[in-house]
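Here is the structure we will look at.
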Amino acid sequence: MAVVKVEHSGLPEHQVGIMQQFREFWMEGHFCDLTVKSREGTEHRAHAGVLSAAGKFFKTLLCGSFLEADQVKHGQPVQINASDAALRALLEYIYGGQPDLPVEESIELLRLAGAYELPKLAKDVEAGIRASLKTHPVPSSLRVLQETHGLHDLKAACEEAVATNFEVCAQHPDFLRLSAVQLAQILERDDLKVSREEVVLKGIFTWFNSCKDRGDDVLGLLLRDVDFQSISFENLHQLSRLASSFGPNGDFLQRRVTKPCKQIGNESRQKLQMVFARSGVAFNTGRRTWVLAQEAQGKCYPDPVTHSAGIKVFLYAQISPAVSFAGSPAMVIPEWLQAQVLV
């Protein structure tokens, strides 16, 4: 007997069309045979068949011998341990949508994707969070780092975002919620960027003083990541005078500030070669990447250096002998010009 096989001339379009139709049914509330309820108690209607097709976990949960399957049969709502916003975003994604949601809910959605074995959703949510690190690095990165389990690759990207935006991140309330290990890992990074080393020192003390349960041993470990040779001469002297008030860490702090103080006092000021651009000056000391903004408040002797375009360039922090400069156009500071440390 002859058999005629009917092939789809446009199978992908047909499949997309079916999904679009189910999305319309869902949005209009047609043919929904399942109710899911968020932690807040808000109920959302859906199709058991669509959720079961989204992943094996939902299929087993809703079609197997679990309590949830009986709840579906009797028209009872199925409890989902998620916020209303995260549950709504989960359904939106399953029905072919592209939800927009705050960082807090996106992290919860990422957890839901893992719990319900939806790897594609997890991948897409993580990609969205990574994209937000470029546009809004401060709240996104600090919030992700508060997660206690998993997300290792994403946390590494967030640590990089905090390091390259350390000055802004250190002023955010969530910075104080970082663990000691996380802060130490950020301070140890080679790509940590600050305008001056005092920012790092202030960030450490602000973090330490925000919680009484943080021990002196933690402070001592974090202070090891401070580049004391890049701190201004006057601030080093202040630290030296205050060292005795730091308890067990006082002796360590005293020894760390004494060496650069002597070095600055005994050595002549370094003759500098500086290269700068209209947008500012950037240079690398081998430990930190420093950035000098235009019109930064500072002092140069005997007179400020002024570029032909009228851009004043000032030294913003103490420079070690190993400084290397990059940018354009170039200008060699005369030998008679010596830098005055900015406090």
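Numbers for the structure displayed
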item: Scope the stretch 83-113; condition more than 20 Å from S140 (Cβ to Cβ) and in a loop (DSSP other than H, G, I, E, B); matching residues; result: Y95, G96, G97
item: Enumeration of residues in the stretch 57-99 that are of a type in the set (K, R) and modelled with pLDDT of 90 or more; result: R88
item: Per-region count, the stretch 175-188, residues surrounded by fewer than 16 Cβ atoms within 10 Å (Cβ to Cβ) and part of a loop (DSSP other than H, G, I, E, B); result: 2
item: From G64, G75, residue being among the small types (G, A, S) and free of Cβ contacts under 8 Å to residues at least 24 places away in the same chain; result: G64
item: Residue match in the stretch 189-200 (condition: free of Cβ contacts under 8 Å to residues at least 40 places away in the same chain, surrounded by fewer than 15 Cβ atoms within 10 Å (Cβ to Cβ) and part of a helix (DSSP H, G or I)); result: no
item: Contacts under 6 angstrom Cβ, first residue in the stretch 78-98 being touching a residue at least 40 places away in the same chain (Cβ under 8 Å), partner buried (at least 19 other Cβ atoms within 10 Å of the Cβ) and aromatic (F, W, Y), 6 or more apart; result: Y95/W26
item: Residue among D217, D213 that is in a helix (DSSP H, G or I), over 19 Å from L133 (Cα atoms) and either in contact (Cβ under 8 Å) with a residue 24 or more places away in the chain or more than 13 Å from the chain's Cα centre (by Cα) (or both); result: D217
item: Residue, surrounded by the fewest Cβ atoms within 10 Å (Cβ to Cβ), within the stretch 1-60, restricted to residues that are assigned by TED's automatic domain parsing to the domain that holds R88, assigned to a loop (DSSP other than H, G, I, E, B) and polar (S, T, N, Q); result: T42
item: Residue count, the stretch 145-173 (criterion: farther than 25 Å from V226 by Cα and either in contact (Cβ under 8 Å) with a residue 60 or more places away in the chain or outside any loop (DSSP other than H, G, I, E, B) (or both)); result: 3
item: The lone exception for L142 - which of (1) touching a residue at least 40 places away in the same chain (Cβ under 8 Å); (2) crowded, with 18+ Cβ neighbours inside 10 Å; (3) not polar (S, T, N, Q) it fails; result: (1)
item: Of all residues in the stretch 232-251 being crowded, with 16+ Cβ neighbours inside 10 Å and under 22 Å from A180 (Cβ atoms), the one that is modelled with the highest pLDDT; result: L239
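The values are calculated or read from the model by the stated rules, or taken from the named source; none is laboratory data. Owing to the predicted nature of the structure, the values given are computational and were not obtained by experimental measurement. So basically every Cβ, Gly included, is an ideal-geometry build from the backbone, and we count neighbours across all protein chains shown.
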